[in-house]
Amino acid sequence: MKDFAPPADALPPPTVSEARLLSVLDTAADGIIVIDEHARILIFNKACERMFGVAASEAVGQNVKLVMPTEYARQHDTYVGSYIRTGVKKIIGIGREVQGRHADGTVFPLELSVGEAATPEGRQFIGILRDLRPRKESEQRLADLQSELVHLARVSAIDEMGAAIAHELNQPLTALMLYLQAIRRAHSRGIDIVTVVGDILDKAANEAERAGHIIQRMRQFVEKRDPERHVRPLDPLIDEAIDLTLLGQRHRIRIDRKTGENLPPVSVDPVQIQQIVVNLVRNAIEAASGMPDPAIEIRTRASDGSVRLEVQDNGPGIAPEALPKLFEAFASSKRRGMGLGLAISRTIAQNHGGDLLVDPGGNGRGACFSLVLPAASMPGEVG
Amino acid sequence: MRVHVVEDDAGVSDSLALILRNIGHTVISHRDAESLFKGSVPEAPDAVIVDLSLPGIPGAQLVRWLLNLAAPPRVVVITGQSQGFIDHQLRGLVPDGVMRKPLDVDAIARVLPPH
């Protein structure tokens, strides 16, 4: 749609120095548009031709609305008029993100900075434009990669727990099978089991349900989903994550759980936060497992505007030489796993506006990891 | 035959007791090795079914203790763990049977036949 008025009068051909200027502008990587007080395009460089799919010969003389999406275009005349009348600068000398429109109708983000020049022909405005799509794309790609990696670390954690989880599933399956076989056996021998069969079937159904719960819990954890935010109390999330970590965990370990009182809720991606908890608790169990009386303490408390989760083990502490690389990916000292756990956990914490800190302990003290999350401002939906 | 079952998982323990009684055995259930020690010492011709992954005293340690008794009972290990874990736990121990979970009644009846 081109509802632009043709130029009131044809522009005179460029002079020699103007021609030189134009050739310089054409070599610029950024789009450059010069307009007059009536928003008519005076200069439209090569970069603009590529950016908007409009030839300079066609653009020059038209209203600059030509390269704007309709809703911007409508207001642009008002902006120019208001500036010329009041002198109040909305964009000149400031620069900001605006939208441009390609000849094919595509609307895309642009960074626009505008300068002003007084010329014998009146005021002119010089706009320098940069297509923001490549930057936005790489930002998006980075975000996608990061969420991919966060998911991968969860899958890897479940993978490492695979044998333990198989064992955990084996329990209800064993019980289920034996209940059913007991009925089958009695039946095939003509033993009268009418009085007990209902009871046995109930138990069998409970065991099947138990197996289902284990799978459900795992599936929630590994399923790939878009990041989300919910205002939640932290403690129930932590308890669920501890349960998941202890699935089939056969280290004989004492777990001391202390919950803080009147903790404010936090605004979090629940599964990602549970991912941190699973990681910290697994690490703590591993660190303590070599001790004669292995124990870990998991506590929550409020501390100035934030909620803290502390996971303390009674292991040997973290060696000073391991400390600098502790939060680096692929720098694990462990035999199993990818060494992503702490790196990812800290990234998740920081994406939530919080952090993951460590007190390395040593000299008879175990390590203590603290997850700090900002308290949610609004007391919102719970559950 | 009197069969002791040392298994901490309530569902497994209950269903195992049911099937063993079904086969014709007398069953005494314990949730860990410690509670087995509190009762009378099992001896031949009793049998003891031991889950390898017990809370507290490990299953393998209980198996060793039972096999070293003067009149050792039949000892049957049950486990849901991997073969690697089993081999590692049972180094040098030869119980009368090792059954991997999920268990089935035929396997149980073979190792602990009804009389």
Viscosity 0.692 mPa s, 37 °C: Kirkwood-radius Stokes-Einstein D of segment B:46-111 over Cα pairs, µm²/s:
272 µm²/s
Summing both sides, how much accessible area is buried between B and A? Use a 1.4 Å probe and give Å² to the nearest 100.
2000 Å²
Would you mind checking A:LYS89/A:LYS136; A:LYS203/A:LYS224; A:LYS203/B:LYS101 for any pair whose Cα atoms are more than 22 angstrom apart?
A:LYS89/A:LYS136; A:LYS203/A:LYS224
Could you tell me how far the Cα centroid of segment A:248-290 sits from the Cα centroid of segment B:72-110, in Å?
33 Å
Dipole in debye (nearest 20) - segment A:142-374, about Cα centre, beta carbon charges: Lys, Arg +1; Asp, Glu -1:
540 debye
Amide H neighbours of A:VAL358 under 5 Å, counting only residues 5+ apart in sequence or on other chains, H built in-plane at 1.01 Å?
A:SER370
In segment A:103-196, GluC sites (Glu not before Pro) in a DSSP loop with at most 11 other beta-carbon atoms within 10 Å:
A:GLU121
At what distance in nm do the modelled label points of A:ARG219 and A:GLN75 sit from each other, each positioned 7 Å from its Cα along Cα→Cβ?
4.8 nm
Once amide H atoms are placed 1.01 Å from N in the peptide plane, what residues at a sequence separation of 5 or more from A:ALA295, or on another chain, have their amide H within under 5 Å of its amide H?
A:ARG254, A:ASN314
Hydrodynamic radius (Kirkwood) for chain B, which is based on Cα pairs only, to one decimal in Å:
13.9 Å
Which lysines, if any, have their Cα less than 19 Å from the Cα of A:LYS46, not counting same-chain residues under 8 positions apart?
A:LYS65
Residues of chain A: accessible area per residue with a 1.4 Å probe, Å²
54 Å²
What would the Debye formula give as log10 I(q)/I(0) at q = 0.12 Å⁻¹ for the alpha-carbon point model of chain A, no solvent?
-0.93
With no solvent and one equal point scatterer per Cα, compute the Debye intensity ratio I(q)/I(0) for segment A:16-131 at 0.13, 0.15 Å⁻¹ and report its log10, rounded to two decimals.
-0.46, -0.62
Other protein chain Cβ atoms within 10 Å, averaged over every residue that makes up B:76-84:
3
Which of the listed residues, A:ALA143, A:PRO316, A:THR119, is farthest toward the dipole's positive end in chain A, when Lys, Arg count +1 and Asp, Glu count -1 at the beta-carbon?
A:PRO316
Binned at 5 Å from 0, what are the whole-percent values of the Cα-Cα distance distribution for segment A:140-274, short to long?
2, 8, 13, 14, 15, 13, 11, 8, 6, 4, 3, 2, 1, 0
For B:LEU54, enumerate residues with amide H under 5 Å from its amide H, sequence gap 5+ or separate chain, H modeled in the peptide plane.
B:GLY59
Using a 1.4 Å probe on protein heavy atoms, which residues of segment A:162-177 have at least 50 Å² less accessible area in the complex than alone?
A:HIS167, A:ASN170, A:GLN171, A:THR174
Tell me which lysines have Cα within less than 25 Å of A:LYS325's Cα, excluding those fewer than 8 residues away on the same chain?
A:LYS334
How crowded by other chains is B:10-21, given as the mean number of beta carbons from other chains within 10 Å of each beta carbon?
6
Of the heavy-atom accessible surface of chain A (probe 1.4 angstrom), what whole percent is carbon and sulfur?
55 percent
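The values are calculated or read from the model by the stated rules, or taken from the named source; none is laboratory data. Since the model is a prediction, treat every value here as computed from it, not as a measurement. Glycine gets a Cβ as well: all are built from the backbone with ideal geometry, and neighbour counts include every protein chain shown. To get the accessible areas, we keep the full protein, side chains included, count just its heavy atoms, and leave off ligands, DNA and RNA. Shrake-Rupley method; radii C 1.70, N 1.55, O 1.52, S 1.80 Å.
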